Structure formats: C-alpha cells, structure tokens
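The values are calculated or read from the model by the stated rules, or taken from the named source; none is laboratory data. Treat the numbers as computed from the prediction; the structure is a model and nothing was measured. Methodologically, a virtual Cβ is constructed for each residue, glycine included, from the backbone with ideal geometry; neighbour enumeration extends over all protein chains shown.
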Amino acid sequence: MTISETFRAHRSCTTCPYCGVGCGVSATVANRGAEDLVTVAGDTTHPANFGRLCVKGSALADTLGERGRLLRPRLHGRECDWDTAMDFMAGEFRRTIDEYGPHSVAFYLSGQLLTEDYYVANKLMKGFIGSGNVDTNSRLCMSSAVAAYKRAFGADAVPCCYEDLELADLVVLVGSNAAWTHPILFQRMQAAGTKLVVIDPRASATSAMADLHLAITPGSDAALFSGLLNYLIEQGELDQGFIDQYTQNFTAATRQARDWSLQQTAAACGIPVAQLREFFQLFAATEKTVSFYSQGINQSSSGTDKNNAIINCHLATGRIGKPGCGPFSITGQPNAMGGREVGGLANMLAAHMDFTTENVDRLSRFWRSNSVALKPGLKAVDLFRAVESGQIKAIWIMATNPAVSMPDADRVAAALQKCPLVVVSDCVADTDTARCADLLLPATTWGEKNGTVTNSERRISRQRAFLASPGETRHDWEIICDLATRLGYGEHFSYAHPAEIFREHAALSGFENRGNRAFDISALADISRREYDALRPRQWPINRENPDGSQRLFGDGRFYTQSGRAHFVPVQPSTPLQRRSDQFPLWLNSGRLRDQWHTMTRSGRARKLLDHSEMPEIQLNPADAADYGIEDGQLLELRSARGQMCGRAALTGAQKPGELFAPIHWSETLAQNSRVSALAEPVIDPHSGQPEFKQLPVSLRPLSVAGYATLLCREAAAGLMQQWLLEQQAHLVHWYRVPCEGGYRYELALRHALDGRALGDYLLAESQTRPHWQDLQLLTGQRWLAHTHQLELLVFAGSDWRTLPDRRALEEHLVQPLPAQPAQLLHNIAPGAQIVCSCMQVSRQQIEEAIDRGIDSVEHLGEILGCGTNCGSCKPEITSILYAATDSDWSRGENVA
Ligand SMILES: Nc1nc2c(c(=O)[nH]1)N[C@H]1C(S)=C(S)[C@@H](COP(=O)(O)OP(=O)(O)OC[C@H]3O[C@@H](n4cnc5c(=O)[nH]c(N)nc54)[C@H](O)[C@@H]3O)O[C@H]1N2
Ligand SMILES: Nc1nc2c(c(=O)[nH]1)N[C@H]1C(S)=C(S)[C@@H](COP(=O)(O)OP(=O)(O)OC[C@H]3O[C@@H](n4cnc5c(=O)[nH]c(N)nc54)[C@H](O)[C@@H]3O)O[C@H]1N2
Ligand code: SF4
Ligand SMILES: [Mo]
C-alpha cells in the first residue's frame, strides 16, 4: 500500500483495530523510492495471538491510504478550517447548554475509540458539562454482559483469560460464531483440542467444528441454562462447599430452576431430549468448562437474564476463578472493555463508579469540578428517541455509524436529519451517518493513532502510530480537548500527549479505591512517557498487589458485592418481545461475515476481503425457498413493521425452515436498501437497554427483475454514477457496488432492460479525453466498452445475472494495460466463482473439484491448493464443504456459506 507521508522506515508493534481478541500486530513501513510500503504480520510476542493474524488482520495494510478519507473539516457540506469548525461547534454547544441546560446535549461514542479518547470525552460531558448523556455503541453489544456481571459479582469484571480456553476440557460456545468473529481465539481452542459444544439456532462455520451442536429455538437460551441448573441440582453435581462459602441466593435460584425438567427444557428449546441430556451430562462431568458467549445471548430483550442463567451454572459448580473454568463474555470491539473502564456507558460515571452521592463527590474532588453529573444519562435507544423528540438538540457522534447499526435505523437517520446540530467525527468522508451531519470532523485512525485498548481478557495493549496523520486529520482526544477548551474548561484538558491522559485514568482507578472497585490500574499512574511507549500488554487489575497484572479474578472467592459473595440471580426465561404473526411469519437473525468489519468503512477498502461475499445475501432454507417460489440468487425483499431490506437469496441447509439470516455489513453508501437494522424494532432489555437484534419477525417476497447490469467505471465517474442511481430510483430494484483498485464495480437490478450506451454517454460526458466506444452484441446479452489508452467503462447487461461473466477478473484492467484489441476482454470469460480462501485466492469450485478427485482432509486440500495455509480463517468453511460432500445433516454445517 502506498502512503504519501510517513515517518522514517521502521517496524512498530501495535494492536489490531478489529475484534476484541486484541491481537498484536507488527507493522513495517519501508521506503521504496518516493513511496512507502506498509506490511503487517502478527506480533509473535503478543500473548493474545503469538504471531497469528486472521484474514481481516492480515489484510490491514490494504485498508490504508487516503482514498475515501475525510481530510478537512466540513461545515454544512463545505470544507473549512479547524478554527471555523471548532468555533462553530463550541458556539452551538454553549448556546444550547445555556438555553436548554446540560441534558439537551449528548455524545454517542464507540468501542473503537482508544481509552484516552474515551476518557476525555466522558470527563468533558459527565465531569464538566454536567450531563450523563454519554452512551456508546457498546450498548448494542456488551451492555447485557456488563449488567449481568454486576448483578452476579458486584462489578463489571471478566473472570477468565484466554489461556483458560486452552486449559479447558470443554468450551460451550453460546450465541457465538467465533470461527468468524473471534478467529484467533477459535484457532487457539482448536489447536488445544478442546471439546466444543455450540449453541446456535443455525449451523455456522463454528458449529461445523463442534462435537455437539444444539440448534435451539431462537431466544430459548435462558430456558436451556435454567434446565442445566436444575439438572445439576437433581444429579447432585454441585460444588456445595463453594455455594455455601462464597455465594448467596442459591435457594431462590433453585426454586426458579425447579420447573425446568429435561422434557420441559427440550420442548422450550426445540431439540430432542437425548441431545439435551448429552450436553447436560457433558457439562456436569467436565470440571474444566468455559462458557464463551456473545451476541446470540446479549442482543436480546432478556439478555441480562440469559447471561445470569449461564453464570448461575458456573457458581453452582464452583467453576470460576480457576484455570480452565469460567463464564467468559467475549467482547466484540477492540476497545469495548476500555469504554467500560472509563464510563462510556450512560449509567456509569467513570472508573467503574456509578452515580451514588459518594462517587459523585469523589469524582468532583478528583476532577476538581463542581458540575459532575448527578444522574445517569440516556441509553442509546432512548438517546436517539430524545434526538427525535427534540429533547436533545446537539449530538456529537464519534467512531460509530448509528444510521446503519441502531435498531429502527431509518428512524434514527430521520431523527438526525432534523436535529439542530449533528457533529460526526470519522476518518471516512462518506458514511450513512456522515450524510446526516451538519459538521464533519476528520479524525485520524488506526496506524496514525496512539493510545491504549483493552481486550476481552482485560489486557491493556498499546496501539502505536506508525504513519503520519494525513491531510488535516486530528486525533479524537485532541478534538475533544479543543472543544473543552473553547467551552472554558481548558485547564482541565491541557494534555500534550495521550500518556498524560492515561496516567490520570490510572490514577483515578486507584483513587480512594480500597479494594472495592475491580478496575484498578493504579500501578501505572506514574509511568513515564517512555514507559508508556514501551508498555507491555498486561491484564488488569494492575496495582500494588499485582504490579504485573492479573490473569484471573475471583480465585480467592471474594466478590465485589456488599457481602463479598457472588449472587445467584433467579431467572424467569422469557421469549423474544418481538413476535411473529401472520403478517410477519419468519424469524430474521443477523450477524457477521468472516471477512467484513461492521459497516465496511475499513474492511471494504481491502478488495480481497470482498471476495468471500461481495453483496448482501439472505440465507434461507431450501424448503422456505420452495414455499415462496424463490430460486438461489434471486433478489428478495424482507419487510418488518419498521422497514425493509433487499438481498440475494442464498439457499442453505444451515438455516432451519422459518428462520433467515442476513449480514449486518451493508450500508446505503454501498448498496440500496440493505441495512438489516432498519427492520429491527427498538425493543430493549430492561436491565441493560440492549436491543433485541437477533429475533426480528419479517415477511419475505421475491422481487421481479427485468434486467441485470454490471458496470465497471473509474473513480472519476463514481460521483456521476451515484447521481444517476438517485435519478433512476424508480427504475432500479436494487444496486450494490464493489470498491476496487482504480474505481468501482456496480451491480444493478432493473425494472427495465438497461440502455448501456445511454448510461455510458452520461457518465463519460465530462471525461477529458474522448473515449473510443464499442457496442458488442453477444448471444448472452449486451456489452459496451469504452476505452482510451486505458479502460474507461465497461457495461454488461442481460436478463439473468448468472450469465454475466466473471467481472472480478475484468476489474484488474482499471489499473493494468488493456490488450491490443480491448474487445478481446469480453470473450471467453469464465463465470464468477466464490472465493473461500481470501489469502490464497482459492475458490469453492476448486475445493469441490479437489474433493471430487478424492482429497478428503483440510490439510491435504491445503497441500494441493494452498487454501487455509496462511491465516487459517477459512478452515472451518473448508471443513463444512468437506462435510457437505459426504454428509447431508444440516446441523453439521452443510452448505455453510
Ligand atoms: N468478522 C467479523 N468479526 C467480528 C465483527 C465483525 O464485524 N466481523 N464484529 C465484532 C463485534 S463488535 C462483535 S459484538 C462480535 C460478535 O460476535 P458473535 O456474537 O460471534 O457474532 P454474530 O454474528 O453477531 O452472532 C453470533 C451468533 O449468534 C447466533 N444467534 C442468533 N440468535 C441466537 C439465539 O437465540 N441463541 C443463540 N444461542 N445464538 C443465537 C447467530 O446465529 C450467530 O451465529 O464480533 C466481533 N468480531
Ligand atoms: N441488526 C444488527 N445490528 C447490529 C448488530 C447486529 O448483530 N445485528 N450488532 C451491533 C454491534 S455488536 C455493534 S458493535 C455495532 C457496530 O456498528 P457501528 O459502530 O455503527 O459500525 P462501524 O462500522 O464499526 O462504525 C465505526 C465508524 O467509525 C469510523 N472510525 C474508524 N476508526 C475511527 C477513529 O479512530 N476515529 C473516528 N472518529 N472514527 C473512526 C469508521 O469509519 C466508521 O464509520 O452494530 C450493532 N448493530
Ligand atoms: S482475531 Fe483477527 S480481527 Fe480479531 S484482533 Fe485478531 S487479527 Fe484482528
Ligand atoms: Mo459489537
């Protein structure tokens, strides 16, 4: 990747900006003439990954560069300088606060900010503006896990560490597709040979590798774990000593669990009694068991209870605080945990302190402020409601894309459109949320930023800058401190370096902390800037007793509750609040794909990461497809009471009949009508405020399309193309685009056949040179080609998208020379193939052909084709292709896409 401006050539260790595994990355910037080349590799010394990277981490270098970056502030659509931008912002915030009070403004933050950014944002709003209105996208992600840990342990404290996944004899993955979402941890479990049980309504790449897969009824996990608790009680498989000495409320939990017999539980979960018993027996018999859970549990209207139902089983068996054991909530974002530490959630003040009078007083003294917020602020769903109702009049959104990721996303976008002041800080110029902004502030991003993040096992690592900040971008913490200064709080925000912020954060964690707050990194409160720069990854607590950090918590049986005992929480299992009906008879589940990150602003820049899946696909069972008269690859529309979404049908036995799955990644900037969150009711968990994303009732219908077209154009034509799409809305059924090197590929589905020549004339009208136009009528459709000395535009149109050729191969001609006779390009092109191994570019077809030839193991396929031999992220998928060839049981992962 070429970068225009860099520091001198060197290697530096940093942390991956994607998932909560928090892998160490070694980045090397080498000079090559006037250009610099960045390469990344796993940091062999980092204890999260010991040198390995998954496919997203391996492709990080491809995501760098200035293309699409926001490089200058923009006020009302026009570029301006920083002084103008910040003066405007401070003026508007000051005016709003003076007129309507501090609760009329809000910050909406992100688990992708660094701890230092997060700390100052929280300090400004809760400490000086005096409102609790700071919330974060972690509300959509971890808040139920936080609420449950607090109920059980009296603190938001993850007991386990990664090594426990290797020491365990059994890992129960609940609502987690770790093979795709926490790949390096999954690889560690696989390498250790840990037995795996997967609890997930659908078959996934993760369940394909499991010893046992319980494909439960969506939303029935609390019943499952209540049944497990009852089983453990009935079978006498308890650690009575632990219960008596270290816990309370066991009797109440027992009383509640009593209703959940094997039969009743199996019925609620929709699985055979024998299968359920197998799981219960395995759990009961395996002392070293880790429960590893994620969004299938958290994103629920009763997610907190589900978390506690799992924790109850660990308390009942004393499986906590010991090697190879524990209830392990796994964080999603790179710094979800850091946000929890500083008080990024509206219901926390800072450093694990809540809003008691004592804590407000403590913080007032520490921050030297007499305007510390006295009460919690609004949680994400309520916050955007308050934007809609006009109660919030100014909002600053940083490092998150709520117009895509919030439930009822259309309504959130509409609320932002009419809000008097929306400020968005992002590194990327065009996002769905940026489109709603009055003021856009250009932030630095990974590779340019400097600070710390905390991963899922409480490990604090450094993100280090190895590139200079491009254009006029600034660090998030600097922008926040600039606003603070303009609002008159300068003396409290006069940091010159993130190390100074970190020291204050560390000091606060120890401030009057007499062992009653879990988060304590006071041993780092005095580190020098050199020591900060050299900081080795360490797990908190890091204090006088544990200066090198702490692998596990609660090994001594002491918890942070008032009594010091862990709490059993009696749980009444409930079903999803969103209900299916005649009008919306299907369950829509949503989640992540292997190679993309969230709204794709970063991962979508690496072309090879789009090979695995380049468009929004809706997975459904072939039986449903037959009922609705849908063919594989056909365009579909999903509707809910809230909104609609389009995507292409992907028929797969991985989905049960009546249950669909859609990816969360596509936004309006990349595709028309493809945001799954637009379908979600903003229904939330009463304890945490986390939305119910995983069970959305929808209807389904196939869309009729008269013509398909593929268009390949240079970057310069992309603006006009977007305008054309807007103008042609009435004629378009759907479109999506693939950013590729040198330009874009658009894929269109139309109500009428496309006049490619007319579209071409429109797009090329402004081109400097006069391209040579060729119309090439072929049997399978129409083709138009425009070229000068390079490829300018290529259009294919046809009535069946499957007959369109492999346009991936053609993209290369946007950057490579054309053949002597450019029309040759359009002959004999193979149809498109799905790439399974992104690193080594091996397609599904190649793998299937090799299996047909008798190659029967992942290793052997790797030797022959190279697939799976680099980062290994595709191995579960290769396994499921192998299964599909030999085994037709859907729950083993047949046709897992
Ligand atoms: N590739 C990739 N990795 C990522 C991310 C990404 O964008 N891309 N994002 C990161 C973030 S922020 C997060 S939060 C994590 C999320 O990581 P995961 O939680 O592993 O990911 P999801 O795909 O959201 O959902 C996990 C599984 O929950 C299942 N599920 C749905 N309903 C239920 C249910 O009722 N019960 C049970 N038991 N399971 C259910 C889904 O079928 C799905 O397979 O991933 C992180 N890692
Ligand atoms: N239906 C459904 N909806 C979901 C989920 C689901 O499973 N199903 N999952 C939910 C979960 S768990 C999550 S975590 C959210 C994620 O959803 P979002 O947080 O909305 O998604 P991202 O694309 O990660 O948004 C991050 C933004 O920050 C920008 N950015 C990157 N680095 C920086 C930086 O250093 N500074 C600044 N200022 N900006 C930066 C990126 O360009 C991008 O625009 O989605 C939630 N929504
Ligand atoms: S598992 Fe992959 S995405 Fe997650 S931190 Fe490691 S390299 Fe990054
Ligand atoms: Mo997340």
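Among residues of the range 850-873 being at pLDDT below 90 and within 24 Å of GLU617 (Cα to Cα), the one that is surrounded by the most Cβ atoms within 10 Å (Cβ to Cβ) is SER873.
Looking across the range 324-343, just one residue is hydrophobic (A, V, I, L, M, F, W, C), within 22 Å of ILE311 (Cα to Cα) and more than 16 Å from ligand 3 (Cβ to nearest atom), and that is CYS325. Taken as a whole, the structure places ASN546 among residues that are free of Cβ contacts under 8 Å to residues at least 40 places away in the same chain and part of a loop (DSSP other than H, G, I, E, B). Beta carbons closer than 7 Å, at least 6 apart along the sequence or on distinct chains, never pair a first residue in the range 210-226 that is free of Cβ contacts under 8 Å to residues at least 12 places away in the same chain with a second that is within 16 Å of ligand 2 (Cβ to nearest atom).
All conditions in (1) of a type outside the set (D, E, K, R); (2) touching a His at 6+ places or on another chain (Cβ under 6 Å); (3) over 25 Å from THR445 (Cα atoms) hold for GLY91, with the sole exception of (2).
Residue by residue, here is whether (1) within 16 Å of ligand 2 (Cβ to nearest atom); (2) of a type in the set (Lys, Arg); (3) within 26 Å of the chain's Cα centre (by Cα); (4) at pLDDT 95 or above holds:
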residue: ASN455; (1), (2), (3), (4): yes, no, yes, yes
residue: ARG458; (1), (2), (3), (4): no, yes, yes, yes
residue: GLN463; (1), (2), (3), (4): yes, no, yes, yes
residue: ASP482; (1), (2), (3), (4): yes, no, no, yes
residue: ARG486; (1), (2), (3), (4): no, yes, no, yes
residue: SER509; (1), (2), (3), (4): no, no, no, yes
residue: ARG514; (1), (2), (3), (4): no, yes, no, no
residue: ASP520; (1), (2), (3), (4): no, no, no, yes
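Residue check: SER640 meets all listed conditions (1) within 14 Å of ligand 2 (Cβ to nearest atom); (2) touching a residue at least 60 places away in the same chain (Cβ under 8 Å) but one, namely (2). Among helices (runs of 4 or more DSSP H) entirely within the range 293-361, having at least 1 residues that are more than 16 Å from ligand 4 (Cβ to nearest atom) and in the same structural domain as HIS182 (by TED's automatic domain parsing) singles out 303-316. Among the residues examined, ALA716 qualifies as out of contact with any helix residue (DSSP H, G or I) (no Cβ under 9 Å at 6 or more places or on another chain), among the small types (Gly, Ala, Ser) and outside any loop (DSSP other than H, G, I, E, B). Only residues that are away from ligand 4 (no atom under 16 Å from the Cβ) and part of a loop (DSSP other than H, G, I, E, B): list them for the range 371-406, please. The answer is SER371, VAL372, ALA373, LEU374, LYS375, PRO376, GLY377, LEU378, GLY390, GLN391, ILE392, LYS393. For the range 743-791, a tally of residues being out of contact with any Asp or Glu (no Cβ under 9 Å at 6 or more places or on another chain), in a strand (DSSP E or B) and at pLDDT 85 or above returns 6.
Within the set TYR108, TYR100, TYR119, the sole residue that is aromatic (Phe, Trp, Tyr), out of contact with any strand residue (DSSP E or B) (no Cβ under 6 Å at 6 or more places or on another chain) and under 30 Å from PHE466 (Cα atoms) turns out to be TYR119. Counting only strands (runs of 3 or more DSSP E) that sit completely within the range 161-270, those holding 1 or more residues that are surrounded by fewer than 24 Cβ atoms within 10 Å (Cβ to Cβ), among the charged types (D, E, K, R) and outside the structural domain of LYS875 (by TED's automatic domain parsing) correspond to 195-199. Is one or more of the residues making up the range 128-136 assigned by TED's automatic domain parsing to the domain that holds ALA268, within 16 Å of ligand 1 (Cβ to nearest atom), modelled with pLDDT of 95 or more and within 30 Å of ALA507 (Cβ to Cβ)? No: zero hits.
Just give me the residues in the range 248-282 being over 22 Å from THR575 (Cβ atoms) and in contact with a Phe, Trp or Tyr (Cβ under 6 Å, 6 or more places away or on another chain), in sequence order. Across the range 248-282, the qualifying residues are ASN249, PHE250.
Can you say whether THR247 is out of contact with any Ser or Thr (no Cβ under 8 Å at 6 or more places or on another chain), among the polar types (S, T, N, Q) and at negative phi, as far as the supplied structure shows? Answer is yes for this residue. If you go through the range 287-307 and keep only what is out of contact with any strand residue (DSSP E or B) (no Cβ under 6 Å at 6 or more places or on another chain) and within 16 Å of ligand 3 (Cβ to nearest atom), you end up with SER294, GLN295.
With respect to the conditions (1) within 16 Å of ligand 2 (Cβ to nearest atom); (2) surrounded by 21 or more Cβ atoms within 10 Å (Cβ to Cβ), HIS567 falls short on a single one, namely (1). Of the residues LEU610, LEU620, LEU679, which single one is surrounded by 21 or more Cβ atoms within 10 Å (Cβ to Cβ) and modelled with pLDDT under 95? Within the list LEU610, LEU620, LEU679, the selection yields LEU610.
Only a single item in (1) at negative phi; (2) within 16 Å of ligand 2 (Cβ to nearest atom); (3) surrounded by 21 or more Cβ atoms within 10 Å (Cβ to Cβ) is not met by ALA625, and it is number (2).
All told, VAL423 falls short of being under 23 Å from SER603 (Cβ atoms) and either out of contact with any Cys (no Cβ under 8 Å at 6 or more places or on another chain) or not in a loop (DSSP other than H, G, I, E, B) (or both). Among the conditions (1) in contact with a strand residue (DSSP E or B) (Cβ under 6 Å, 6 or more places away or on another chain); (2) at pLDDT 90 or above, SER843 misses just one, which is (2). Selection of the range 399-455 for residues being of a type in the set (A, V, I, L, M), under 30 Å from ALA506 (Cα atoms) and in contact with a Gly (Cβ under 7 Å, 6 or more places away or on another chain) yields only VAL453. Within the range 318-376, the set of residues being polar (S, T, N, Q) and surrounded by fewer than 19 Cβ atoms within 10 Å (Cβ to Cβ) comprises THR356, THR357, SER364, SER369, ASN370, SER371.
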